[in-house]
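Heads up: the structure comes next, in structure tokens.
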Amino acid sequence: MSELSPKEIGQRLKAFRLGSKYSTEEIAARIGVSRAALYRYEKGDPPKLEALESIAELFGVSLPSLMGVGVEYISSAISFFERMRQNEAESEQLSVMFGLVSYLLTTDEFDEYLEIAIREGLPAELQDDQETLLHIADILAVLKERKRGYRQRCPSMVNLASATNIEKFLRNGFVGTFVLPEDILQERRAVARREVENVIRLLEEQPIGVQIGILVDSVPSTHFQIFRQSERSTLCLSPYKLCDFPNVRLGVGMLTSAPEALELHHRMVIELWGRALKGRSAADYLRKMLEDCK
């Protein structure tokens, strides 16, 4: 599949639009096309180069990023998670290295407390800012759509998770700040325990297509995911955090199909998978961790 595929350009255009501060009508007016034409571009109609240049300038991204040439740099969490959703929708296999298990494997309760933790972790001046709260709601909507899409398609997944980060999650609880009453902190630790119990269940039941490895050694601080599709693969590097003290506001995400980047990260997955605890051994390790964190 060509990197200059009009369909993929349309997907990037939609992702950047979702992450922008402009409405569809405003974007269309600023680049001199109709709203219907803008939607056609998003669905795969090839836009003219002049339109792409205007769109890139409006969104504050480079033309190569919009066209998918080289590396896509994305500074909006909405745009980044939408690009993840788009890639997941066409993937046959996912390789995931995040601090906890993949967001796609978390419970529905996780979504409820993720929103709470994000909001309570906001700076005081943004706690009641409507634009910020709407932005968070949009991010959560895209995340939930990713989870729905995964559950419908169930692509195979190799998931590497850090034992150290899981333990921190248990001890901190699902919080966005430590400035909480003790009874609330206890509640949030209970939420974290239920998420870890969900991971244990997955390890023991071993659903078809889901492989989880628990890393007890040092792990990369960078979160990444490899999307494997029938004709290409894509690597994404994430600056965002979806657990205790979540971050969905600041950072620059990257996506690339560069062969060298893919090969290096694929080798890392193979190496880390070989060292990871799996199945019953991993479940037993996490059960002991639950006991130690009581």
| L286 being closer than 19 Å to Q229 by Cβ and either in the same structural domain as L140 (by TED's automatic domain parsing) or in contact with a Ser or Thr (Cβ under 6 Å, 6 or more places away or on another chain) (or both) | no
| request: Being among the acidic types (D, E), modelled with pLDDT of 95 or more and either over 20 Å from the mean Cα position of the chain (by Cα) or not in a strand (DSSP E or B) (or both) narrows it down to one of D244, D284, so name that one. | output: D284
| message | Checking the conditions here, which among I166, I139 is in a helix (DSSP H, G or I), among the hydrophobic types (A, V, I, L, M, F, W, C) and within 26 Å of K278 (Cβ to Cβ)? | response | I166
| query | Among the residues of segment 89-97, is any in a helix (DSSP H, G or I) and at negative phi? | reply | no
| For T177, are the conditions met, namely being part of a loop (DSSP other than H, G, I, E, B) and farther than 30 Å from E260 by Cα? | yes
| field | Among the residues listed as E90, E115, the single one being more than 13 Å from the chain's Cα centre (by Cα), modelled with pLDDT of 95 or more and surrounded by fewer than 23 Cβ atoms within 10 Å (Cβ to Cβ) | value | E115
| If the Cβ limit is 7 Å and pairs must be 6+ apart or interchain, which residue in segment 184-213 that is more than 16 Å from V158 (Cα to Cα) pairs with which residue that is hydroxyl-bearing (S, T, Y) and in a helix (DSSP H, G or I)? | V191/Y113
| request: Name the one entry in V61, V71 that is closer than 19 Å to H223 by Cα and among the aliphatic types (A, V, I, L, M). | output: V71
| query | Which residue, of S62, S2, S75, is among the polar types (S, T, N, Q) and either modelled with pLDDT of 85 or more or under 30 Å from A192 (Cα atoms) (or both)? | reply | S75
| query | Taking the condition among the polar types (S, T, N, Q), out of contact with any Leu (no Cβ under 8 Å at 6 or more places or on another chain) and within 30 Å of L122 (Cα to Cα), does S281 pass? | reply | no
| task | Examine segment 22-37 for a residue that is within 16 Å of the chain's Cα centre (by Cα) and outside the structural domain of I270 (by TED's automatic domain parsing), and state whether such a residue exists. | result | no
| One residue from L58, L104 being over 15 Å from the mean Cα position of the chain (by Cα), assigned to a helix (DSSP H, G or I) and not acidic (D, E) | L58
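The values are calculated or read from the model by the stated rules, or taken from the named source; none is laboratory data. Values in this document were obtained by computation on a predicted structure and should not be read as measured data. Positions of Cβ are backbone-derived with ideal geometry, glycine not excepted, and every protein chain shown enters the neighbour counts.
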